[in-house]
Amino acid sequence: MVKSTIPPMFQVVVDKEKCRKCKRCVMSCSYGALGFTDRVVPDDKNCVACHRCVAMCPENAIMINESPLAYRPHASWTVEHRQGILKQAETGGMLLTGMGNDKPYKIFWDHLVIDACQVTNPSIDPLREPMELRTYLGSKPDKLEFETDKNGQPSLKTQLTPNILLETPIVFAAMSFGSISLNAHRALARAAYESGILMNTGEGGLHKDLYKYGERAIVQVASGRFGVHQEYLNQGSVIEIKVGQGAKPGIGGHLPGEKINSEVSQTRMIPIGSDALSPAPHHDIYSIEDLRQLIYALKEATNYQKPVSVKVSAVHNIAAIASGIVRAGADIVTIDGFRGGTGAAPTIIRDNVGIPIEMALAAVDDRLRKEGIRNQASIIAAGSIRSSGDWVKALALGADAVVIGTAALIAMGCRVCQKCYMGKCTWGIATQNPQLTARLNPEVATERLKNLIRAWSLELKEILGLLGVNSIESLRGNRERLRAIGLTDSEANILGVKHAGE
């Protein structure tokens, strides 16, 4: 075998004076970046900067640095481009990556600031005044009609469609059992259940042990139909048809056979060790009419008791697509921007296809309002919601709720090393290796996820207070409370916001 000519990305530095040769770092590294002879011996080419060795070292004797090996500077032929070509010249394969787009495209959240009330419309103290964060996802009627009985008591005449209550407008992202471990799935399901929000099963079905959390689960129906059956559909509170994903619009998925153990096999209803291949399209959806037929087939299968969501990736004609989805009968539209995370995607797709969620969200909300159908479906925004600040801005741009995926993984311990597809996650999250999955304590992970939701909700209440409102309803779609900094006129116009100072 020819030795690789690709220089290492990182350098593992072990302080020999501090190291007491306990070998914890060696036992912790699942990538083969550390060995032991008479001392700890790093193998830099295998290091992915997952930081597990750093966290496990009792003497703080390990540091991970960017490789000091210098390339000759070149503005066009960057280090990344050269390393990619070297790797493809050696392997002849596509470059793969995990997590979201890491290119320095403009992040519009960072160019939006929030207005505040002071005198003419006083702010509200969230510590002393109630703040309403509850949100209902689903289709709303155009109007409400009431009738009175013979005793003059009013009652609602309008028949309402099913809506799902969120105690705070957050949903855990679709991450399938198989792509992540059962312990990670269990933590997401339980945290959603105890926080009064929703988790999304992803396209891999729902493990039977987690059915007890089903009332707080979105059950996904993807192109591969993995794990989809009558009991599964009836177990969740929302059914989601996954058409596209922000990190890889227009292509399918691939879960390697080495991740298909007996439990994943049983849940997904495929043989142990077989690759789980999701085709790019649903082979029963080639038009809006086909999509409508599937939406109503799922509603019929669940006795019209559950809202149906359709998840699409953010692309250039997303406003028209969303309009068609709503008119096809979807109760919820989830839009996933091009910075959305993933377990595995071709790097070329992740980095070059799709549009930012900020632009897509604003365009969809505006289109549905102009067509008079905004009330017919809730909008959920996904694709790199990094903080409560991004969350608030998404709500102001028109989202009913947001999806968090990478943030939830980080809360559980993820270091965003972007090697999820290798199945060697040292934190026990993106792996099915039993020795590694045991490292993630679902009890601890659940508490950390609940803490994150609680912290962001407190910050959301603070922002509502400074806006002088006490309800999410008063923020949703209220772009007047946003101002642009460092955006062009056309960018601000698409977002529907004024420049700061106007």
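Coordinate-derived values only; no laboratory data. In this text the structure is predicted, and so the values were computed from the model without any measurement. Heads up, the Cβs are rebuilt from the backbone with ideal geometry, glycines too, and the neighbour counts pull from every protein chain shown.
Across the options L466, Y232, N433, the greatest Cα extent toward the positive end of the charge dipole of the chain (unit charges at beta carbon of Lys, Arg, Asp, Glu) belongs to N433.
Over the chain, dividing the summed -39,500 (n - 2.57) contributions of all DSSP H runs of at least 4 residues by the number of residues returns a 222 nm mean residue ellipticity of -8500 deg cm²/dmol. Taking amide H positions as modeled 1.01 Å from N, with prolines and chain starts lacking one, the residues under 5 Å from G253 and 5 or more places away or on another chain are S278. Around the amide H of T97, modelled in the peptide plane, lie the amide H atoms of A345, T347, all under 5 Å away and 5 or more residues distant in sequence or on another chain. With angles folded into 0 to 90 degrees, how steeply does helix 288-301 sit against the dominant principal axis of the chain? Use alpha carbons for both and round to 10. Helix 288-301 and the main axis of the chain meet at about 80 degrees.
Does region 146-499 classify as rounded, prolate or oblate by the C-alpha gyration tensor (a ≥ b ≥ c root eigenvalues; a/c under 1.5 gives rounded; else a/b over b/c gives prolate, otherwise oblate)? Rounded. 3J(HN,Hα) along region 232-246: 4, 4, 7, 6, x, 9, 9, 10, 10, 8, 8, 9, x, 9, x Hz, from the Karplus curve 6.51 cos²θ - 1.76 cosθ + 1.60 with θ = phi - 60°, whole Hz, x for Gly and Pro.
Stretching Q230 away from Q305 to a fully extended chain increases their span by 25.6 nm, per 0.36 nm per residue minus the current alpha-carbon distance. Once both axes come from the Cα atoms, what is the angle between helix 442-466 and the longest principal axis of the chain, in degrees from 0 to 90, rounded to 10? Helix 442-466 sits roughly 50 degrees off the main axis of the chain. Counting only alpha carbon atoms, the long axis of helix 318-327 and the longest principal axis of the chain meet at about 50°.
Straightening the chain between E215 and V13 buys 67.9 nm, computed as 0.36 nm per residue apart minus the Cα-Cα spacing.
Of the beta bridges in the chain, as assigned by DSSP with both residues counted there, near 40 percent are antiparallel. Separation of the alpha carbons by more than 26 angstrom is noted, of K16/K87; K18/K450; K208/K311; K299/K450; K143/K212; K18/K103, for K16/K87; K18/K450; K299/K450; K143/K212; K18/K103. For region 146-499, the Cβ-based charge dipole about the Cα centre amounts to some 480 debye (Lys, Arg positive; Asp, Glu negative; other atoms uncharged).
For region 10-93, the relative contact order comes to 34 percent (Cα pairs under 8 Å, sequence separation of at least 6).
Of all lysines in the structure, those lying under 16 Å Cα to Cα from K106, and not within fewer than 8 positions of it along the same chain, are K393.
How charged is the neighbourhood of L368? Take every other residue with its Cβ under 15 Å from the Cβ of L368, and add Lys/Arg as +1 and Asp/Glu as -1.
Here the charged neighbours net out to +2.
Working from Cα pairs under 8 Å separated by at least six residues, relative contact order for the chain is 19 percent. As a proxy for reagent exposure, ranking L127, L452 by other Cβ atoms within 10 Å from fewest up yields L127, L452.
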